[in-house]
Amino acid sequence: MNDVQTKVAVVTGAGSGIGRAVAVELVRGGWSVALAGRRVEALEETASLAKSADALIVRTDVAREEDVAALFDAVHSRFGRVDLLFNNAGTFGPGGVPLEDLSYDAWRHVVDTNLNGAFLCAQAAFRAMKAQSPQGGRIVNNGSISAHVPRPHSIAYTATKHAMTGLTKSLSLDGRPYRIAASQIDIGNAATDMTERMQTGILQANGAMAVEPVMDVADVARTVRHMAELPLEANVQFATVMATNMPYIGRG
């Protein structure tokens, strides 16, 4: 059980990319971390990279209610509380598919993972944070630059990331009586497997293909840690962390 001196974090999508980088950064900061994701081998690799002897690895499909319940049951059994949920698991869906050709199954998969999964994890964390003593905690949702502006052929991803903003605001409001803070980090072009194509050329709004700059994912991880380690009386409600010269501000 946790002695409340060590903070406990749950990181979804912890097997790669941003989730992995954040998990490693939190362990470096002294946090106990539960690693959730669909591939146990990838989660084990994250734990190894973090050099964490007490990392909890839980195979989790966030779109499955029973998986999310099992994740938070395991966290409670191991650590006794939850101080942070980094609600990170997500998928872009099929790339380059025009709206009129996007199958309903593909749409539903993105919505189930990015939105329904985020809700299920936030709800489970909220329940735990409300019930525990000392009461409270923090939920940091992974939004995206796509919570503000879309890319071509990204209707499912963009819709879920806009919805994430509403989820964050509602969590913030509903969490006030229970010392539960909620925030959102909108990330643009962090160097991960998901953004590899940006370094070779990606479709722009004007129809051209262009290489886009990327930033070190470690800079995202440090930002999440900063947000997580604020006292609960303070909150970074929304943060945007992006490659400085990516096409976003103005006309590119």
| task | May I ask you to derive the FRET efficiency for Arg127 and Glu233 from their Cβ-Cβ distance with R0 = 22 Å, giving the value to the nearest 0.05? | result | 0.50
| From the backbone phi of the range 5-19, what are the Karplus-calculated ³J(HN,Hα) couplings (6.51 cos²θ - 1.76 cosθ + 1.60, θ = phi - 60°) in whole Hz, Gly and Pro given as x? | 7, 9, 7, 10, 10, 10, 10, 8, x, 7, x, 6, x, 5, x
| Candidate aspartates and glutamates for bridging to Lys169, where Cα separation is under 16 Å - those fewer than 8 sequence places away on the same chain excluded | Asp186
| message | If neighbour count is taken as other Cβ atoms inside 10 Å, put Arg59, Arg151 in order from fewest to most. | response | Arg59, Arg151
| Given H placed on each backbone N at 1.01 Å, which residues far from Gln184 in sequence or on other chains put an amide H within less than 5 Å of it? | Asn141, Phe238, Ala239
| request: Scan around Gly137 for amide H atoms under 5 Å from its own, H built in the peptide plane at 1.01 Å from N, and keep only partners 5 or more places away or cross-chain. | output: Ile180, Ala181
| request: Hey, can you grab everything whose amide H is under 5 Å from the amide H of Ala34? Only 5+ residues off in sequence or another chain; H modelled, so Pro and N-termini drop out. | output: Ala9, Val10, Val11, Leu56
| From the phi of every residue in the range 77-93, what ³J(HN,Hα) in whole Hz does the Karplus formula 6.51 cos²θ - 1.76 cosθ + 1.60 yield, where θ is phi - 60° and glycine or proline is x? | 5, 7, 10, x, 6, 9, 9, 8, 10, 9, 7, 10, 4, x, 9, 7, x
| request: Rounding to the nearest 20 debye, state how big the charge dipole of the range 1-61 is about its Cα centre with +1 on each Lys and Arg Cβ and -1 on each Asp and Glu Cβ. | output: 120
| said: Starting from 0.36 nm per residue, how many nanometres of slack lie between Asp174 and Gln204 once their C-alpha separation is accounted for? | reply: 7.0 nm
| If you place +1 on the Cβ of every Lys and Arg and -1 on the Cβ of every Asp and Glu, how big does the dipole about the Cα centre of the range 8-242 come out, in debye to the nearest 20? | 600
| If we count other beta carbons within 10 Å of each Cβ, what is the order of Asp101, Asp219, fewest first? | Asp101, Asp219
| message | Output wanted: per-residue J couplings in Hz (rounded whole) for the range 107-113, from phi through Karplus 6.51 cos²θ - 1.76 cosθ + 1.60, θ = phi - 60°, x for Gly and Pro. | response | 4, 5, 4, 5, 5, 4, 6
| Where a Cα-Cα gap under 20 Å defines reach, which aspartates and glutamates qualify for Lys7, not counting those fewer than 8 residues away within the same chain? | Glu25, Asp54, Asp73, Asp83, Glu229, Glu233
| Could you put Tyr248, Tyr178 in order, starting from the residue whose Cβ has the fewest other Cβ atoms within 10 Å? | Tyr178, Tyr248
| query | Considering every Cα-Cα pair within the range 1-52, what fraction, in whole percent, is farther apart than 18 Å? | reply | 22
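Readers should treat all values here as calculations from the given coordinates under stated rules, not as data from a laboratory. Predicted, not measured: the structure shown is a model, and the values here were computed from it. Glycine also receives a Cβ, built like all others from the backbone with ideal geometry; neighbour counts cover every protein chain displayed.
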